[in-house]
Amino acid sequence: MSEQDFVRLRAKPGVAGWRLALARRVESRRFQHFVVGVILFNAAILGLETSAAAMERFGLPLRILDKICLAIFLVEMALRLLAYRLDFFRSGWNIFDFAVVGVALIPGAGPWAVLRSLRVLRVLRLLTVIPSLRKVVAAFLHAIPGLGGVMLLMGIFLYTSAVLATNLFGQQYPAWFGSLGGSLFSLFQILTLEGWADMARTIMETHSWAPFFFIPFIIIATFTVLNLFIGIIVSTMQELAMAPEKSDSTSGSLELIRRIEEDLKALRAQIKDD
């Protein structure tokens, strides 16, 4: 939950005082820092559990500490559910938290044993607890519609280039461009600028004009299209950076309306008494 959710809960009529006090406690900075510390500590434990030497020497203590961390997460989740009830599931971040913690309750034996390894996703709770990380993820998710067009453009360009590369180089260099799938993979490798120079120099031994294919491909695919990804994400982050100001003003308006309503109720009660 965020401060906005707490303000929304406080503005709802008929909310018990103990729920507001509990929500204020779980949203406090000290409580959030404690949760972050537990997540980081649990991340270190999960990392140590991948070491055979560490498990041989400290297997039992590590498992006990992991159970303690899980118990803390469960208590935290229960407190939030008590405070917010069904409003807890209005936020996608809370649903993600609930799912990540719930995965850890899957039995460690039987057909569910494979899913048990997903408990490492608990580390991703840092994305929901730390506001700065939450903004980055929100910006990326908000940018997905805009990125869809760029990805479609990239797909069309890669497909066209792969067909062309297969026809040009497939016969002499089947390991790289012998099939459409192989060409797509090789061009994706070139797009990442990994080992493309050695590949191009090898092809230039039989095709001296190969640079006229590879250099324009790198300029268009890497320097132009990938920069569009960055530009869209940065633009979205700037838009979301302006959003808190609007939300703060909205929250302030809701709080002002709530106070006015309380003052009117008190005034009506005083008039009736007189």
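What is the gain in length, in nm to one decimal, between R90 and I72 on full extension, counting 0.36 nm per residue of separation less the C-alpha to C-alpha distance?
Length gained, R90 through I72: 4.2 nm.
How do the peptides 23-31, 81-89 rank, highest first, by the average count of neighbouring beta carbon atoms within 10 Å per residue?
Highest to lowest by the protection proxy: 81-89, 23-31.
Grab the beta carbon distance between R30 and N227, set R0 = 45 Å, and tell me the FRET efficiency rounded to 0.05.
The pair R30/N227 has a calculated efficiency of 0.60.
Pulled fully out, how much extra length does the chain show between I220 and A44, if you take 0.36 nm times their separation in residues and subtract their Cα-Cα distance?
Taking I220 through A44 to full extension adds about 59.2 nm, to one decimal.
Rank-order 142-150, 49-57, 169-177 by packing density, defined as the average count of other C-beta atoms within 10 Å over each peptide's residues, highest first.
169-177, 142-150, 49-57
Report the calculated FRET efficiency for V15 and L65 (r = Cβ-Cβ distance, R0 = 30 Å), to the nearest 0.05.
E(calc), rounded to 0.05, equals 0.25.
Which value in nm describes the separation of the simple spin-label points at L22 and Y159, placed 7 Å from the Cα toward the beta carbon?
Here the modelled spin labels are 5.4 nm apart.
What value in Å³ per residue do you get for the convex hull of the alpha-carbon atoms in region 174-246?
93 Å³
Between V234 and F185, 0.36 nm times their residue separation minus their Cα-Cα distance comes to what?
14.8 nm
Sticking with the crude label model, points 7 Å out along Cα→Cβ, report the distance from D198 to L105 in nm, one decimal please.
It is 5.1 nm.
So if R0 is 45 Å, what FRET efficiency would W209 and L126 give, r being the distance between their Cβ atoms, rounded to the nearest 0.05?
0.35
Rule-based calculations on the coordinates, nothing more; no lab input. Keep in mind the model is a prediction, meaning the values are calculated, not measured. Reconstructed Cβ throughout: ideal geometry from the backbone, glycine too, with neighbour counts over all protein chains shown.
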